[in-house]
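Beneath this line is the structure, given in C-alpha cells, with notes to follow.
The values are calculated or read from the model by the stated rules, or taken from the named source; none is laboratory data. Note that the structure is a prediction, hence the values are computed from the model and not measured. All Cβ positions, even for glycine, are placed from backbone atoms using ideal geometry, and neighbour counts span all protein chains on display. Calculation scope for accessible area: heavy atoms of the full protein, side chains included, ligands and nucleic acids excluded. Shrake-Rupley method; radii C 1.70, N 1.55, O 1.52, S 1.80 Å.
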Amino acid sequence: FVGLWLASALLLTAAGGAAQDPVAPPRAPGAKATFVRLGEGKATPAHARARLLSLAVERGETPSPFLEPGLFRATYEAVLVLPARERVRFRIDGRGTATLHVNGEQVLDGALRAGKPLETPAEVRLKKGDNELRVVFESQAMGDGQFRLQWSGAGFGFEPIAPERLSFAADDAE
C-alpha cells in the first residue's frame, strides 16, 4: 500500500504535476456571504458569493431577495492566500457593528459610525499560504447599514483586498 502511494506521488511529480490533497475541496473566487434576518420568527439563512468584503444596504432594502427588510446579520468568510508572510493593518468603516477574525483570532470588534472606522491598533501577522478571514456584521435597527474591510501593508496604504486574492470552499456555497 505504501509503495503504491509513493509510486503514484512520484508519477505525478515526474509528470510535472504536484501531488494534491484529494480531500481539499475546490475553491470558488470571492467570499461566502451568509445573511440572516434577526428579530421575530425563525431565522432562515440566505447564502451568496461576494466579490469584496463589503456591503451597503439602505433602509427598506435587504441584503438578499430571500430576506424580509429589517435588522439582519451578514457573515462573510474567505481565505486570503499570500505568497509570503506579511504584517498588515485592517480597517472597517461603515454603519452598524462589525467583528473581524483572522485565522480564528478576533482582531476588531465594535460599532461603526460615519467617519470613525475601526482599525487594528497594531499590525496583524499573516502567514504564508492560507489565512482565514471572517467578518460578522449587524445592521442598524431599521435594517440599514454598510461596511467595507480594507487593509494596508509595508508597500501600500489602506485599500480593499483585491477580489482575486479571496476564495472559499466551492462545496460550501450551499
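Taking residue 143 and the conditions (1) under 17 Å from residue 90 (Cβ atoms); (2) touching a Gly at 6+ places or on another chain (Cβ under 8 Å); (3) surrounded by 18 or more Cβ atoms within 10 Å (Cβ to Cβ), which numbered condition does it fall short on, given that it satisfies the others? Answer for residue 143: the failing condition is (1).
Kindly indicate whether any position in segment 66-76 is modelled with pLDDT of 95 or more and open to solvent by 80 Å² or more (accessible area, probe 1.4 Å). Looking through segment 66-76, at least one residue is modelled with pLDDT of 95 or more and open to solvent by 80 Å² or more (accessible area, probe 1.4 Å). Looking at the structure I just gave you, is residue 143 in a loop (DSSP other than H, G, I, E, B) and either at pLDDT 95 or above or under 19 Å from residue 56 (Cβ atoms) (or both)? Yes; evaluated as a whole, the condition is true for this residue. Being open to solvent by less than 60 Å² (accessible area, probe 1.4 Å), of a type outside the set (Phe, Trp, Tyr), in a loop (DSSP other than H, G, I, E, B) and under 16 Å from residue 139 (Cα atoms) holds for only one residue in 60, 94, and it is 60. Residues in segment 113-135 that are open to solvent by less than 10 Å² (accessible area, probe 1.4 Å) and in a strand (DSSP E or B): 4 in all.
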